[in-house]
1. Between S54 and A37, what length comes free when the chain is fully extended (0.36 nm per residue of separation minus the Cα-Cα distance, one decimal in nm)?
2. What FRET efficiency comes out for D69 versus V93 if R0 is 22 angstrom and r is the Cβ-Cβ distance? Round to the nearest 0.05.
Amino acid sequence: MSHERLTWLSAWRATIGSMDGSLQLRIPVFGLGCGGAGATTLERALAAVPGVRSVYVNPATETAYVRGDAGVVDAWTLMRVIHRAGYHAGRPVDA
């Protein structure tokens, strides 16, 4: 695994948990566009991930807002779901 990839993953994992074990992330989603159909599809895919409590995808800003249990779900899993849905996830930050 490259140093750049390890740095990227470390940064993601550092953003996922607060002291109470909750996960609150804002994830840029590249390629989503401003149409609502892609946002709805992505919301459903992310909501199906175990540990995710709520999801909102804003198609205008191409941003996904995810809340969940940090002990069950992590940013890496969410990134893979976004990728499987046909989009590219940017670096998540605390929401």
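Throughout, read-outs are computed from the coordinates displayed, never taken from laboratory work. Since the structure is predicted, the reported quantities are computational estimates derived from the model, not experimental observations. Virtual Cβ from ideal backbone geometry, glycine too; neighbours counted across all protein chains shown.
1. That pair, S54 and A37, stretches by 4.3 nm at full extension.
2. On the way: r = 19 Å, r/R0 = 0.85.
With R0 = 22 Å, the Cβ-Cβ based efficiency is 0.75.
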